[in-house]
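The values are calculated or read from the model by the stated rules, or taken from the named source; none is laboratory data. Given the structure is predicted, the values throughout are model-derived calculations rather than measurements. We place every Cβ from the backbone using ideal geometry, glycine too, and count neighbours over all the protein chains shown.
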Amino acid sequence: MPGLAEAGYLTNETLFQLTEQPRRLAVIGGGPIGAEMAQTFARLGTDVTIFMRDDSFLPKEDREAAAVVEAAFRRDGVQFLYGADLREVMLTETGKVLHYQQAGQSGQLEVDAILVSIGRVPNVESLNLEAAGVAYTERGVTVDDTLRTSNPHIFAAGDVALKYQFTHMADAATRIVLQNALFPGPKKKLSNLVVPGRPTPTRRWPMWACTPTKPKPRGSPMKSSASH
């Protein structure tokens, strides 16, 4: 984005190096990390605005649960800008101005800090994986259900190989790799895991792989509900 590097921005790592609380914070991205930080700063008194290019907050979560969280965020004072196409950032004497297009209209918002939270990209290009016969794409290392790569002697786990980039998923996948790579016998499969997880705003909710928009175990009845 033009002007973003010059204006300066935060990530989920550099955010924790702040020595002063920003009075106004823009969060680019409506995923779990951005959501957690947005509510945290809002609860501390910062004016927080979340920018999203599409119309979905927490897009990978159950829609009913995400709506409950959004309502809680709004009560905490978090503002949402859906369908906002950010065009540039300008550094001024009083802050950082984000220029955007929304529903065909131009808008701008001045803030003191910008948190970029739009996901991570695996850094594998410098590993020379081609020499080892390990296939990969722009999304990371390609693995099968046992976490074996295209080289049968090499396994991969963690953010570089998984769809869900969370600590508990990396831990579970690493346990599978250790079992499959070092011990004989039947191989463990990633698809057999039922891993509970949840984004961690103050109003927390548990999440399992079984929701109305995700597969459920064969023969299992399903009920869904969400509450404040």
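Residue-by-condition table, conditions (1) in contact with a Ser or Thr (Cβ under 9 Å, 6 or more places away or on another chain); (2) farther than 30 Å from residue 142 by Cα; (3) aromatic (Phe, Trp, Tyr):
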site	(1), (2), (3)
24	yes, yes, no
41	no, yes, yes
64	yes, yes, no
85	no, yes, no
102	no, yes, no
123	no, no, no
Criterion violated by residue 118 - all others in (1) free of Cβ contacts under 8 Å to residues at least 24 places away in the same chain; (2) touching a strand residue (DSSP E or B) at 6+ places or on another chain (Cβ under 9 Å); (3) in a loop (DSSP other than H, G, I, E, B); (4) hydrophobic (A, V, I, L, M, F, W, C) satisfied:
(1)
With out of contact with any Gly (no Cβ under 8 Å at 6 or more places or on another chain), surrounded by fewer than 13 Cβ atoms within 10 Å (Cβ to Cβ) and among the basic types (Lys, Arg) as the only criterion, which of 189, 163 stands out?
163
Six or more apart or on different chains, Cβ under 7 Å: which pairs go from a residue in the range 131-149 that's among the aromatic types (Phe, Trp, Tyr) to one that's not in a loop (DSSP other than H, G, I, E, B)? Could you list them?
136/129
Please pick out the residue among 103, 113, 67 that is crowded, with 19+ Cβ neighbours inside 10 Å, out of contact with any Asp or Glu (no Cβ under 8 Å at 6 or more places or on another chain) and among the small types (Gly, Ala, Ser).
113
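From 221, 215, 199, grab the single residue that is touching a Leu at 6+ places or on another chain (Cβ under 8 Å), modelled with pLDDT under 90 and either surrounded by 13 or more Cβ atoms within 10 Å (Cβ to Cβ) or not small (Gly, Ala, Ser) (or both). Steps first, please.
On the way: 221 fails: touching a Leu at 6+ places or on another chain (Cβ under 8 Å); 215 fails: touching a Leu at 6+ places or on another chain (Cβ under 8 Å).
Every option except 199 fails the conditions.
Would a scan of the range 60-68 turn up a residue that is in contact with a strand residue (DSSP E or B) (Cβ under 6 Å, 6 or more places away or on another chain) and assigned by TED's automatic domain parsing to the domain that holds residue 27?
Quick first cut of the range 60-68, residues in contact with a strand residue (DSSP E or B) (Cβ under 6 Å, 6 or more places away or on another chain) only: none.
No, there is no match, as no residue in the range 60-68 is in contact with a strand residue (DSSP E or B) (Cβ under 6 Å, 6 or more places away or on another chain) and assigned by TED's automatic domain parsing to the domain that holds residue 27.
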Among (1) under 30 Å from residue 156 (Cα atoms); (2) surrounded by fewer than 11 Cβ atoms within 10 Å (Cβ to Cβ); (3) more than 23 Å from the chain's Cα centre (by Cα); (4) not polar (S, T, N, Q), residue 93 falls short only on (1)
